[in-house]
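Working notes for the structure below.
Derivation of every value follows stated rules applied to the coordinates shown; laboratory data play no part. Here the structure is a predicted model, which means the values were calculated and not measured. Note: ideal-geometry Cβ built from the backbone for every residue, glycine included; neighbour counts use all protein chains shown.
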Amino acid sequence: MKSRRLCFVALSAVLACSADDLTLELRGVIDPPTRAMVGLYGSTHPFQEHTLSDAKGRFRFKKLQAGTYTIAVFDPRLGESRRTVEVTGSFAEKGRIEVTIPFRPSQDEHNRTALRSNTVDARELSVSPKASNLLQRARNKLGKGQSDAAVSDLQEAVRISPQFVEAWNLLGTIAYQTEEYDQAEKYFRSALEHEDDAFDPTVNLGGTLLSLGRYEEAFRYNQFAVLDRPESALANSQMGMNHYFLGDHEKAIEYLSVSKRRDPSHFSQPQFVLAQIYAAQGRSEKAIIELEDLLERHPDTEMAERIRGSIERLRSAATTGDSSAR
């Protein structure tokens with residue numbers, strides 16, 4: 001159980017860049033250029049910050065801790081598009097990282113956005129303004145690294161408005177990122193008690209159950225998530241990992257490959273599991289390609305030396321014809 005957990009949940013923590021005192025600036029441009037809301041979310045640590053791009057699609061975030069982040073670009077007419085970015089010293093020049101974020105929401109996402117803009121959600125209307133203010137305050141605190149204070153605000157928000165799905169989901173996300181998986185499960189289930197088809201707590205619960213080693217139970221949540229959002233890199237990655245843990249390697253390859261196409265640097269590191277599958281199948285060259293891609297996209301991972309060692313062993317095995325090397 002422990003070794004399998006390393007392959008998935010701890011993947012975010014083990015393969016993430018080591019956190020030190022280095023802070024970096026992230027500058028980006030949206031392609032094609034558009035004025036949109038840009039959210040930056042910590043993929044492996046509690047963090048949120050938001051800004052608006054200018055008319056040329058440019059945006060920036062300052063004083064960021066080194067690590068892996070998700071950028072979400074939202075246009076109220078077109079919808080949202082997400083992409084992983086690595087904020088790390090290897091990609092920085094004079095303390096600054098520059099990225100181009102493709103913004104091409106799927107037709108399904110466009111349709112969901114149009115539906116949301118033309119309907120009124122009774123549950124959302126029932127949420128107390130005070131609870132909504134507490135959620136916003138919690139998000140602001142996460143941007144300042146004050147996760148404990150953010151949790152206190154969110155707990156007060158759900159006490160005031162127990163139907164506040166967004167607050168429950170953010171509580172679960174913080175618990176997950178701090179490796180409190182049992183608590184994360186409770187928070188995500190609380191969200192789903194009030195909106196049983198909400199995508200975010202569904203996909204997050206699926207990931208949490210994978211982290212807890214409850215693969216069969218996780219399957220239905222991950223399956224629902226990938227059917228609901230077939231374009232989601234996260235949903236595809238988790239569905240692939242779920243198949244991997246249940247022993248269906250071909251299905252795992254199918255979904256993990258989709259995740260890579262959707263977001264080549266995704267924080268769940270689909271290359272890592274793909275490499276394990278290919279190595280087990282004796283397909284050393286394909287395993288090497290995945291691990292080299294992983295290192296190229298995440299050069300400062302704490303596992304870099306071990307991954308390089310695995311590559312060398314796989315190359316040696318390919319030369320000698322020994323497919324058992326790992």
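Numbers at a glance
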| read-out | value |
| --- | --- |
| Filter result for residue 235 (under 18 Å from residue 192 (Cβ atoms) and touching a Lys or Arg at 6+ places or on another chain (Cβ under 6 Å)) | yes |
| Failed condition for residue 250, given (1) over 29 Å from residue 65 (Cβ atoms); (2) surrounded by 23 or more Cβ atoms within 10 Å (Cβ to Cβ) | (2) |
| Residue in segment 100-117 that is more than 21 Å from residue 43 (Cβ to Cβ), touching a Pro at 6+ places or on another chain (Cβ under 8 Å) and not acidic (Asp, Glu) present | yes |
| Checking residue 168 against (1) within 18 Å of the chain's Cα centre (by Cα); (2) surrounded by fewer than 20 Cβ atoms within 10 Å (Cβ to Cβ), the condition it does not meet | (2) |
| Sole exception among (1) in contact (Cβ under 8 Å) with a residue 40 or more places away in the chain; (2) in contact with a helix residue (DSSP H, G or I) (Cβ under 6 Å, 6 or more places away or on another chain) for residue 173, by number | (2) |
| Flag for residue 86 being part of a strand (DSSP E or B), crowded, with 21+ Cβ neighbours inside 10 Å and touching a Phe, Trp or Tyr at 6+ places or on another chain (Cβ under 9 Å) | yes |
| Per-region count, segment 239-276, residues basic (Lys, Arg) and within 13 Å of the chain's Cα centre (by Cα) | 2 |
| Qualifying position, being under 22 Å from residue 83 (Cβ atoms) and assigned to a helix (DSSP H, G or I), among 314, 295 | 295 |
| Any hit, segment 117-127, residues being touching a Lys or Arg at 6+ places or on another chain (Cβ under 9 Å), exposed (fewer than 11 other Cβ atoms within 10 Å of the Cβ) and without any contact (Cβ under 8 Å) to a residue 60 or more places away in the chain | yes |
| Residues that are in a strand (DSSP E or B), under 22 Å from residue 166 (Cα atoms), in contact with a Gly (Cβ under 8 Å, 6 or more places away or on another chain) and not polar (S, T, N, Q), drawn from segment 39-72 | 42, 49, 50, 69, 71, 72 |
| Matching residues in segment 95-116 - criterion: being touching a residue at least 24 places away in the same chain (Cβ under 8 Å) and among the hydrophobic types (A, V, I, L, M, F, W, C) | 97, 99, 101, 103 |
